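Notes to accompany the following structure.
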Amino acid sequence: MKRFSLIIFIAFTVAFLTSCGKENTESDEPGLLLGFSQIGSESAWRIGNTLDIETAAEQSGINLMFENANQKQENQIAAIRKFIAYKVDVIAFSPIVEDGWDNVLEEAKDAGIPVILVDRDISTDKTDLTSCLIGADFYREGYMAGEYLIRKVDSLGLDHVNIAEITGTVNSTPMRQRQAGFMDAIAGDPRMTVIESIDGDFLKSRGAENMRHLLETYGDTIDVIFSHNDEMTLGAIPEIENAGFVPGKDMIIISIDGGQEAIDVLKAGKINCIVECTPKLGKLLMDTAAKLKAGEPVLSVIHPEEQVFSDEQDTSQIAPRGY
Ligand code: AHR
C-alpha cells in the first residue's frame, strides 16, 4: 500500500512539473507586435484616431510600434520599411494618398508580413498586397451629405442653389469617394449647381484660405458650402462671418466627421449637417491583427456604423463625442 501511494505521488509530481513547464513556455511567447504608420495630426479626427488606436493596443495587450508621418508619403514608406526590418507580426497604415505603394508593399509581402489598411484605401493593379481595409464608407458619407442637401432645399422651397465644395487631400480616398457620393446624390436634381471644387487638404488653415477665395470670387451668390471635414469647416465659418454672412442661415453648411467642436457649432446653428466619420477604429484593428497573426481569415472590407447629425433633429440630444 505504501509503495502504491509513493507511485501515485511521483506520478502527480511529474505531471504537475510538466504542466508548469508547458505554461511557462506559453507565457514566454512574445506578444503581437503591430507596426502602425499614421498620416499625421492634421485634424481632431486624426488625433482622436491615434488615441483610439493607442488605447485599444494597450487594452488588447498588443505591442504598438507607432510612427507619425507628418503628412508625408515618403515618411510612411520609410516607416513601413522600418517595420519590415524590425520583423513586426503585422503592419497597418493609413495611406495619405491612394497611389505609390506597390514597391514597399511588395517588400512587406516578400517578408511574409500581413498588411492592414486603416481608414483609407490604396489604388493598385496588383493583388494580395494587403489583407484588408478597416475604414469608413466614404462614398456613402458623401451620398448622405447630398441627400441631406436635397431635403434641406425641399424644406426651404428653393428652386436653385450654388454649391462650393472644399475638398480633402487630392488623390486621397475620402476626397475621391466623398466627392463621388455627393455628386451622384445630387446629379439628378436640376436645382443644384456646383460652382467650384477647391482643395483644402483637410486643414483648418486651408479651409479659411479657400473660403476667403470663394467669398471674393462669388460673394453672396454662394448658397451651400460642402466641406469634406470639420477642420476645414471650422476654418471657413469665421471667414463667412467676417464677410457679413450668417453661416447656417445665409449659407447652408455641410461638414463631415462629427468631432465635438464641430458638433457644438452645429448645436449653435452655424453648421446645418454633419455626416459622421468615426475615428474609433482601434478595437477593430487590434482584433483583425490578432486574427492575422493566428492565421485566421478576416473580412476584406470592414466599415464601422455611421450616422448623420443635422438641424432636422433635436441637436441638444447628441451625446458627447469623445474626440
Ligand atoms: O481619412 C479620414 C479623414 O482624414 C477625416 O475626415 C479627416 O478629418 C481626416 O483628416
request  = Could you list, in sequence order, all residues of the stretch 215-241 that are closer than 14 Å to residue 252 by Cβ and either of a type in the set (Lys, Arg) or surrounded by 15 or more Cβ atoms within 10 Å (Cβ to Cβ) (or both)?
outcome  = 222, 223, 224, 225, 226, 227, 233, 236, 237, 240
ask   = In the stretch 30-58, which residue that is surrounded by fewer than 19 Cβ atoms within 10 Å (Cβ to Cβ) and outside any loop (DSSP other than H, G, I, E, B) is farthest from the ligand (Cβ to nearest atom)?
value = 33
task = Only residues in the stretch 211-240 that are in the same structural domain as residue 270 (by TED's automatic domain parsing) and in contact (Cβ under 8 Å) with a residue 60 or more places away in the chain count as the first member; pair them with residues that are basic (Lys, Arg) and within 16 Å of the ligand (Cβ to nearest atom), Cβ under 8 angstrom, at least 6 apart or cross-chain, and list the lot.
result = 228/178; 231/204; 232/204; 232/206
query = If a residue has to be touching a residue at least 40 places away in the same chain (Cβ under 8 Å) and more than 21 Å from residue 151 (Cα to Cα) to count, how many in the stretch 243-261 make the cut?
reply = 3
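Provide a single number: the residues in the stretch 249-276 that are of a type outside the set (Gly, Ala, Ser), outside any strand (DSSP E or B) and either outside the structural domain of residue 156 (by TED's automatic domain parsing) or more than 14 Å from the ligand (Cβ to nearest atom) (or both). Give the steps one after another, and end with the answer.
Keep residues of the stretch 249-276 that are of a type outside the set (Gly, Ala, Ser), which gives 249-254, 256-257, 260-261, 263-267, 270-276.
With the extra rule that they be outside any strand (DSSP E or B), the set shrinks to 249-250, 260-261, 263-267, 270-272.
Now narrow it down to the ones that are either outside the structural domain of residue 156 (by TED's automatic domain parsing) or more than 14 Å from the ligand (Cβ to nearest atom) (or both): 249-250, 264-267, 270-272.
The qualifying residues number 9.
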message = Against the conditions (1) free of Cβ contacts under 8 Å to residues at least 40 places away in the same chain; (2) over 30 Å from residue 80 (Cβ atoms); (3) out of contact with any helix residue (DSSP H, G or I) (no Cβ under 6 Å at 6 or more places or on another chain), where does residue 149 fall short? Just the number, please.
response = (1)
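The values are calculated or read from the model by the stated rules, or taken from the named source; none is laboratory data. Keep in mind that what you see is a predicted model, and the values were worked out from it rather than measured. Because the Cβ atoms are built from the backbone with ideal geometry, glycine has one as well, and the counts that use them run over all protein chains shown.
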